[in-house]
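What follows draws every value from the coordinates through simple rules; no lab data is involved. Note that the coordinates shown come from a computational prediction; the quantities given were computed from them, not determined experimentally. When we count neighbours, we look across all protein chains shown, and the Cβ atoms used for this are built from the backbone with ideal geometry, even at glycine.
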Amino acid sequence: MKMFSKPALEFQCGFGTRFMCLAIPVKVIKVEKDLAEVDMAGVKREVNVRFLEDVRVGDYILVHAGFAIEKINEQEAQETLRLLKDVYFE
């Protein structure tokens with residue numbers, strides 16, 4: 001799992017408030033041109049994959065704001081989902 005420094009995760013908006021961007025790991029179940037249908041914990045969504053090369057069914061990708069931003073392996077995807085679950089649901 002990649003680790004980033006706190007400043008790399010945050011940005012400041014015009015009001016001085018800090019936000020953290022979050023990308024969610026999902027599994028690709030269908031690809032058609034620049035769009036892919038993904039499984040997000042049992043929920044199917046359509047995301048734009050135009051920023052990644054050679055996205056295929058079965059790949060795991062990180063999605064932020066409806067766009068795929070990076071390919072990851074299954075182990076990294078599962079570990080990230082486990083950590084998110086621990087933080088947000090337990």
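For the stretch 25-89, the Cβ-based charge dipole about the Cα centre amounts to some 200 debye (Lys, Arg positive; Asp, Glu negative; other atoms uncharged).
Under the classification rounded if a/c is under 1.5, otherwise prolate if a/b is larger than b/c and oblate if not, where does the stretch 25-89 fall, given a ≥ b ≥ c as square roots of the Cα gyration tensor eigenvalues? Because a/c hits 1.5 or more and a/b exceeds b/c, the stretch 25-89 counts as prolate.
Maximal additional length on extending the residue 31-residue 65 stretch stands at 10.4 nm, based on 0.36 nm per residue less the C-alpha distance.
Put simply, when 34-43, 59-68 are sorted by average Cβ atoms within 10 angstrom per residue, most first, you get 59-68, 34-43.
Scoring 46-52, 23-29 by mean Cβ neighbours within 10 Å over their residues and listing the highest first yields 23-29, 46-52.
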